[in-house]
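Nothing in this text is a laboratory measurement; each read-out follows from the coordinates by a stated rule. Computed from a predicted model, the values in this text were never measured in an experiment. Here the Cβ is made from the backbone with ideal geometry for all residues, glycine too, and neighbour counts use every protein chain on show.
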Amino acid sequence: RLGIDVIEDLPVGEQLLDHISFFNLNFATNYTKHRSSLEHNIEDYLNGTGVLVNPFHLETLVFMQTKYAKTPGVPDFEALMIPSISSNEVTSKFWNIRDELEAKDNHPESDFSICGILLHPKSRGYLRLKS
């Protein structure tokens with residue numbers, strides 16, 4: 001129907017797990033970091049460094065086991081530390097931050113957010129193409 005030839009019929013989308021995530025745990029600091037231009041970020045990328053080689057501009061990624069974990073030794077929670085989403089032109093464009101909202105961010109160069117993700121969701125589903 002879509003004009004795409006099937007090479008192999010695999011059960012893609014049959015084990016969709018909805019990992020519950022918590023955003024907007026935001027912190028302000030007095031740390032000073034200068035905002036990089038898109039040109040600078042591209043130059044860094046070409047040298048294998050910078051925000052463009054780092055998914056979501058992650059500063060820290062932690063897997064931990066909480067007291068609610070069902071299996072000993074297996075993490076059930078993930079925490080991500082990300083700089084303010086308006087900390088540079090790349091992340092602002094990625095998250096589609098409007099200029100008027102970005103202007104309200106008091107210290108975008110120094111603020112950061114923590115995102116928490118449950119790793120073993122109970123919900124399962126599927127995703128299928130309609131046509």
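Quick look at the values:
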quantity	calculated
Potential extension, LEU46-MET81 segment - 0.36 nm per residue separation minus Cα distance	10.1 nm
Chymotrypsin sites (Phe, Trp or Tyr not before Pro) within the range 1-80, DSSP loop, no more than 15 other Cβ atoms inside 10 Å	TYR31, TYR68
Ranking of ASP5, ASP44 by count of other Cβ atoms within 10 Å, fewest first	ASP5, ASP44
Net +/- balance of residues flanking ASP18 in space, Cβ distance below 13 Å, scoring K and R +1, D and E -1	+2
